[in-house]
């Protein structure tokens, strides 16, 4: 069993004595491969993007939200990527168990995961749907491709072993890396970001492209909007709008 820690974000930092208020909406953020959400061994220090995202959500919601930053470094911090990928289901079940134990309402819950974390949240969403009710919104930030999308000698994982549209009422997937991310559509709404460019803004390698997904989502949470050449605007409301479905190409270089 992988050690999983659930850190409660208060204002500008963790406060694990803060109780879960089941009358408030709940946001859950989880990391991917070779990453951390904060645990006793690192003095509860999460990745910078996770802290930024938790604080951005707090700024949007005020004090009326539960914001959980999940750590599964015990299973993710290994050179053996396939082993980490094999732990996704177990971690997802642990996330679901925790939320159910806390009495959280799935219909008022948003799950957010990067890379392998996107598939963790897919499993969590599936568990919650089967045992309690459907999650409101699931955001997959460049869901991991290797070990999930198949290749020359293997087929793609079945939907119950990866993120898919049934894992929440609305599943949105950001695609920012064709090398490390899952290339085919995975959600109700799939956003292909700068898909014809070699590198994402501020990126110089494929790992940076992979990380751009959480950079972009933080930008959206902060209120940034991206005008498109066709006259539309890509913003947080685009992501949250249930009527916008299918696959969409987005250019964040456009002015």
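The numbers here are math on the coordinates, done by the rules we state, and not lab data. Only a predicted model underlies this, so the values are computations on that prediction, with no experimental measurement involved. Quick reminder, even Gly has a Cβ in these numbers, built from the backbone with ideal geometry, and neighbours come from all protein chains shown.
How would you classify the stretch 128-255 from its alpha-carbon gyration tensor, with a ≥ b ≥ c the square roots of the eigenvalues: rounded for a/c under 1.5, else prolate if a/b is greater than b/c, otherwise oblate? Display every interim value, and only then the final one.
Numbers: a/c = 2.00, a/b = 1.18, b/c = 1.70.
Oblate, because a/c is 1.5 or more while a/b does not exceed b/c.
What is the distance, in nm, between label points placed 7 Å from the Cα along the Cα-to-Cβ direction at residue 63 and at residue 80?
In this crude label model, residue 63 to residue 80 measures out at 4.7 nm.
Which one, 104, 88, 30, has the greatest fluctuation when you compute a Gaussian network model over the chain with C-alpha springs under 10 angstrom?
104
What 222 nm value per residue comes from the helices of the chain, counting each DSSP H run with n ≥ 4 as -39,500 (n - 2.57) and dividing by all residues, nearest 500 deg cm²/dmol? Please list the in-between numbers first.
Values: 7 runs with 76 residues, N = 255.
Dividing the helical sum by the residues of the chain leaves -9000 deg cm²/dmol.
Have a look at the DSSP beta bridges in the stretch 5-250 and tell me what percent are antiparallel, nearest 5.
Numbers: 9 of 38 bridges.
The antiparallel proportion sits near 25 percent.
On the principal axes of its Cα set, how long, how wide and how thick is the stretch 103-146? Give whole Å, largest value first.
Cα extents, longest axis first: 32, 16, 13 Å.
In whole Å, how far is the Cα centre of the stretch 4-21 from that of the stretch 111-127?
Taking the Cα centre of each part, the stretch 4-21 and the stretch 111-127 sit 20 Å apart.
Would you calculate the volume per residue, in Å³, of the smallest convex hull containing every Cα atom of the stretch 73-205?
Numbers: hull volume 15.8 nm³, N = 133.
It is 119 Å³ per residue.
Once you have all Cα-Cα distances for the stretch 211-255, histogram them in 10 Å bins from zero and send the whole-percent values.
26, 61, 14
Give me the tail of P(r) for the stretch 5-250 as a percent: Cα-Cα pairs with distance above 22 Å. If you can, show how the numbers build up before the last one.
Working: 14908 of 30135 pairs.
The answer is 49 percent, as a whole percent.
What's the ranking of 10-18, 233-241 by average number of surrounding C-beta atoms within 10 Å, highest first? The partial results should precede the final answer.
Values: 10-18: 12.6, 233-241: 15.7.
Ranked from most to least packed, the peptides come out as 233-241, 10-18.
Normalised by the residues of the chain, what does the relative contact order come to in percent, with Cα pairs under 8 Å and at least six apart?
Values: 556 pairs, mean separation 39.5, N = 255.
Relative contact order comes out at 15 percent.
Once the piece of chain linking residue 16 and residue 42 is laid out straight, how much longer is it, given 0.36 nm per residue of separation minus the C-alpha distance between them? Before the final figure, lay out each step's value.
Values: separation 26, 0.36 × 26 = 9.36 nm, distance 1.55 nm.
Computed gain between residue 16 and residue 42 is 7.8 nm.
Taking every DSSP beta bridge that has both residues in the stretch 115-227, what percent is antiparallel when rounded to the nearest 5?
Working: 2 of 11 bridges.
Antiparallel bridges make up about 20 percent of those DSSP assigns within the stretch 115-227.
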